[in-house]
Amino acid sequence: MKTKGLETVTTQLGVSRREFIKFCSVVAAGMGLPLGTGEQIAEAVTSAAKRPPVIWLSAQECTGCSESLLRATHPTLEHLILDLISLDYHETLSTPSGHQAEEARAASIKANKGKFILVVDGAIPVKDNGIYCMIAGRTVLDILKESAKECAAIIAIGSCSSWGGVPSADPNPTGATPVHKVLADAGIKTPVINIPGCPPNPYNFLSTVLYYVTFKKLPELDKLGRPLFAYGRLIHENCERRPHFDAGRFATEFGDDNHRKGYCLYKLGCKGPETHANCPSILFGDTGAGTWPVGTGHPCFGCTEQGVGFHKPLFSRASLHMVTPPDTYPHTQEKQGKGATIAGVAVAAAAAGAAFAAASKVADKLGKDDKGSK
């Protein structure tokens, strides 16, 4: 394997070849790729004759996706845009502004036709021909259609771009629409990959870009166009509070004893059981353990899931998917040396054929038979 490009880049970065390959290996592992792929990624992103050009369009958004990317540390933003990709246009980060910025975008599209990656941040307003979001005197709707016809692939970053997000919430006065639907309605068939989240984890975006640079294709996607390595599992499956759910231990009010003990937040409206994302696995912000909403004590509100975040009430209970709770639950606080053990209760229940009673217990623990619950 050629290493000239890799050695040159690592020297410029002031890191060792081993450290850079280690970083790429972590990225590869996060995507579920086989051993040895990390070195392949490292070679691909450092030996290319030209860094892959990226054009970033901002529509109806809050700049949260860009802010999230700014806080990435492996790689840092400056390493990403100066060494790994060529960020030719970004309204917030571009050096030129005004007419110069628009000229840079047009020049990049012309020079890299069919080769650049188009990143779209924010929902696209379509009502009244898209007049509710204008850039340099043109609607972002027109700019998107124009750019999408010339790019190699499109990454819709954030829930606004992927599903419509906040701008599309009822009554949706501007006709805010996700990117993939706008393009489908226009008959544009350029592939779109959705990276939802509000904001999304920057490493899901970075990993997708590195995968594309390395293999010249998009990673495996689910039926909603999301990369399976990041959105293939429900949050509920890997949540650190899942054992409490299975044991029937729930917080019922913010600040109550069970909440302080770290019990499951399902009854407080956690949408983890119906939301696909890798939040509990890779956390957020590179600030240590527990740095994601549920880890800090707040229910997941389903920002990555279509039709959940910004559409379902924050504290309504989630729909349960792929959940198989046990037949019986331990007590909230076991008393040592007193009363029957849970194992004994289970055996007795089985011997007595109390399957129906056990099922009722499950329903009770989940709160399905609570008055007024859904």
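Could you tell me whether Lys110 is out of contact with any strand residue (DSSP E or B) (no Cβ under 7 Å at 6 or more places or on another chain) and touching a residue at least 24 places away in the same chain (Cβ under 8 Å)?
Answer is no for this residue.
For Lys149, indicate whether it is modelled with pLDDT of 95 or more, within 26 Å of Gly197 (Cα to Cα) and of a type in the set (Lys, Arg). Outline the logic, then answer.
Working: modelled with pLDDT of 95 or more: no; within 26 Å of Gly197 (Cα to Cα): yes; of a type in the set (Lys, Arg): yes.
Taking the combined requirement at face value, the residue does not satisfy it.
Mind listing whichever residues of region 119-142 are more than 24 Å from the chain's Cα centre (by Cα) and on the phi > 0 side of the Ramachandran plot?
Of everything in region 119-142, those that are more than 24 Å from the chain's Cα centre (by Cα) and on the phi > 0 side of the Ramachandran plot turn out to be Asp128, Asn129, Gly130, Ala136, Gly137.
How many of the residues in region 198-239 are in contact (Cβ under 8 Å) with a residue 24 or more places away in the chain and assigned to a loop (DSSP other than H, G, I, E, B)?
Looking only at that region, the number is 13.
Which one is surrounded by the most Cβ atoms within 10 Å (Cβ to Cβ), of the residues in region 142-187 that are in a loop (DSSP other than H, G, I, E, B) and of a type in the set (Asp, Glu)? Don't jump to the end; show me each part of the working.
As a first pass, look at region 142-187 and keep what is in a loop (DSSP other than H, G, I, E, B): 149-152, 158, 164-165, 169-175, 178, 186-187.
Now narrow it down to the ones that are of a type in the set (Asp, Glu): 150, 170.
Details: Glu150: 17, Asp170: 7.
Going through the qualifying residues, I end up with Glu150.
How many residues does region 281-321 contain that are of a type in the set (S, T, N, Q) and in contact (Cβ under 8 Å) with a residue 40 or more places away in the chain?
Total meeting the criteria: 5.
Find the helices (runs of 4 or more DSSP H) located wholly in region 240-293 whose residues include 3 or more that are within 20 Å of Val308 (Cβ to Cβ) and under 22 Å from the mean Cα position of the chain (by Cα), and list them.
By residue number, 279-282.
Kindly indicate the residue of region 121-134 that is in contact (Cβ under 8 Å) with a residue 60 or more places away in the chain and not in a loop (DSSP other than H, G, I, E, B) and also nearest to Pro202 (Cα to Cα) among those meeting that condition.
Asp121
If a residue must be part of a loop (DSSP other than H, G, I, E, B) and in contact (Cβ under 8 Å) with a residue 12 or more places away in the chain, how many such residues does region 188-197 contain?
5
Does Asn278 satisfy the condition of being touching a residue at least 60 places away in the same chain (Cβ under 8 Å), under 26 Å from Pro200 (Cβ atoms), out of contact with any strand residue (DSSP E or B) (no Cβ under 6 Å at 6 or more places or on another chain) and among the polar types (S, T, N, Q)?
So Asn278 fits the description; yes.
Which of the residues belonging to region 189-220 are of a type outside the set (Phe, Trp, Tyr) and surrounded by fewer than 17 Cβ atoms within 10 Å (Cβ to Cβ)?
Across region 189-220, the qualifying residues are Lys189, Thr190, Pro191, Lys216, Lys217, Glu220.
Which one of the conditions (1) touching a Pro at 6+ places or on another chain (Cβ under 9 Å); (2) among the polar types (S, T, N, Q); (3) within 30 Å of Pro313 (Cα to Cα) does Ser207 fail to meet, given that it meets all the rest?
Result: Ser207 fails condition (3) only.
Considering only residues of region 31-86 that are hydroxyl-bearing (Ser, Thr, Tyr) and at pLDDT 70 or above, which is surrounded by the fewest Cβ atoms within 10 Å (Cβ to Cβ)?
So, considering only residues that are hydroxyl-bearing (Ser, Thr, Tyr) and at pLDDT 70 or above, the one surrounded by the fewest Cβ atoms within 10 Å (Cβ to Cβ) is Thr73.
The values are calculated or read from the model by the stated rules, or taken from the named source; none is laboratory data. This is a predicted model, so every value here is computed, not measured. Methodologically, a virtual Cβ is constructed for each residue, glycine included, from the backbone with ideal geometry; neighbour enumeration extends over all protein chains shown.
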